[in-house]
Amino acid sequence: MSPNNSIGGSGNTANNKPRRHYVGLCLQASMVGLLIAASVANRGLWESSSSSPIPTNSLKLESTTTTVTTRLHHQANQGQTATSESATIFSAEEAKEHYQYHDSHSSPSKGQTTVSSDSDSSQSSLLSLKEAKEFLMQGARERTKKELVHQQEEEKQDSSNNNNNNNNKKKRDFVLPPLESLISNNNNNNRQPKILADVQFLLDFAVVGFGKCGTTTLLQWLQQTNSNSTTSTQSVQVRAPSYEAQFLVNRRPTQLVRKLYQFAVEEQELQQTQDARILKGFKNPSDIRRPHSRALLTKYWPDTPLIVTVRHPVQWMVSIYNYFKIEKGRHKATIEAAQIVDRGGRDHEGNTHHYVSTAKGEFHAILATLGKTALTETQEWNLLSPWLDPATTRDDILEQRLPNPIFFMELQQLADTNVTRARQFRNDLEHFLGLPRDHLPPALHVRPNTQHIKSKNADKLEALKLDICASENAPILQEMMDISRAASQWLRHYFIVSPGVTVSSPDYMHELLKGWMISPCPNDENDNQEEQPFVRGYKPPLL
């Protein structure tokens, strides 16, 4: 603005100077009054009913507003100037006097104003317009903060549904590439087909371990939907081969791509008529212990969520023994305890010397090779080293680290009778896999590959089952309990608390795993429910 211009229009500059200050101060006073009124309303100090008595705090603020306005008018009449940042509005003593006045008297009548003396202003702290603004805006900021927190809580509550909606939108917008662009066709020569492009989108989940730990039940359960759910669960369907997919074990990932591509074609056709998607996966419980299977997952499907199930190692041994002798028709085969007990008996391919082998049930040693834990403490290595190759080092394991996220579960969680905890387990697994909430029904147990046994042979076959508590099977029980106790401690203290590993109801999982310290045989002389205290922080000698 030019120095010769005035607020009200043209005219003498000297004559208009007081008028300019007066108008500016009036505007400031009006603004302060509005801000104070807004702050009072925001803080809930005004009563909603006109018949209710006015709170003392509101009288104080009303008095303050009147004082501020009067002070600005007084300054203007005296020719004083006041800037928006540093003008002295009223002193703390003046405010106190007006607060006391309105505590003992009614509010001033219309048109009345009160101006306090400035005699003590030099000795009392002064409140500037900038400070008044800051005080008034504090209430608004607090209210805004509360609203933001509430909004964030609502957004967090709906985040799962929003993610599912976004995934559905991505699926609808995605155009399935031709199969020929994903894998090579080498039918004219002896070379194996190769994967040519990114195939991560084809595999949404995999059940990779362990055998005889409920993997068949788990997969069949995942393919069901909850008919009693109040939300729409039909928009997501789960597809997987009904058999154990040996594609990675046989080093034929292109065959897995072909199978998953069939599900992708089905999904694209389904999306032509409805808003739906298909969750594509497979099950092979031996992949978890085979290094080359894990290497293929790392190379082609590093982001695919993996599910790993375990059970008490002693119960696992009974299950795999009975499955081999009865359900696989090997009842004539003779299995000696010396053949079964094979500590660390896995070769570089993950194979064991016998189908029924304690080496398959060394859950903790196998899971340690995934590289999910730090492997920097002596105590951890003491729990693992008896079942690892003596030449194995920390660097060897970390070089082959599996990047995939893992959902770790104990078989008893599928049969949990605690309704609240069982539902939490379902919801946690749904969230891990990207399924809608309450998509899964309550779990049902399924016995895989169960053959119909004729009644005349039932007694004979029943006699073939393993009585692991019998004295002749003491070496098997001893080895499996050694595994149980070491695995219990390592899983609880290292694995389930590691990044990249998800468990449902950690306290309950801890309780289940601690139960592995106890032998299921009541007369086990070597049973020891107590675990040795942990000594943390020491590096192993292998490093």
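Where does each of 267-273, 295-301 land if you order them by average Cβ count within 10 Å, highest first?
So the order, starting with the most tightly packed, is 295-301, 267-273.
Apply 1/(1 + (r/R0)^6) to the Cβ-Cβ distance of Ile195 and His353, taking R0 = 30 Å, and write down the FRET efficiency to the nearest 0.05.
Working from the Cβ atoms, E equals 0.35.
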(request) Just reorder Arg421, Arg311 by solvent-accessible area, largest first, 1.4 Å probe, all chains present. (result) Arg421, Arg311
(request) Would you please give the residues with an amide H less than 5 Å from that of Val236, counting only those at least 5 places away or on a separate chain, with H modeled from the backbone geometry? (result) Arg277
(request) Would you kindly derive the ³J(HN,Hα) couplings of the stretch 236-241 from the backbone phi angles with the Karplus curve 6.51 cos²θ - 1.76 cosθ + 1.60 (θ = phi - 60°), listing them in order in whole Hz, with x for Gly and Pro? (result) 10, 10, 10, 10, 7, x
(message) In whole Hz and in residue order, list the ³J(HN,Hα) couplings for the stretch 415-424 that follow from phi through the Karplus curve 6.51 cos²θ - 1.76 cosθ + 1.60, θ = phi - 60°; x for Gly and Pro.
(response) 10, 5, 8, 6, 4, 5, 5, 5, 5, 4
(request) With θ set to phi - 60°, apply the Karplus curve 6.51 cos²θ - 1.76 cosθ + 1.60 along the stretch 249-262 and write out the HN-Hα couplings as whole Hz, x wherever there is a Gly or Pro. (result) 4, 8, 6, 10, x, 5, 5, 5, 4, 4, 5, 5, 5, 4
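Net charge within 14 Å of Asp507 by Cβ-Cβ distance, Lys/Arg positive one each and Asp/Glu negative one each, not counting Asp507 itself?
Value of the local net charge: -1.
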(request) Pull up all non-local amide H partners of Gly209: gap of 5 or more, or a different chain, and H-to-H distance under 5 Å with H placed in the peptide plane. (result) Thr309
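The values are calculated or read from the model by the stated rules, or taken from the named source; none is laboratory data. Every value quoted in this text rests on a predicted model; they were computed, and no experiment measured them. Positions of Cβ are generated from backbone atoms using ideal geometry, with glycine treated the same way; all protein chains shown enter the neighbour counts. Side chains included, ligands, DNA and RNA excluded: accessible areas come from the protein's heavy atoms. Shrake-Rupley method; radii C 1.70, N 1.55, O 1.52, S 1.80 Å.
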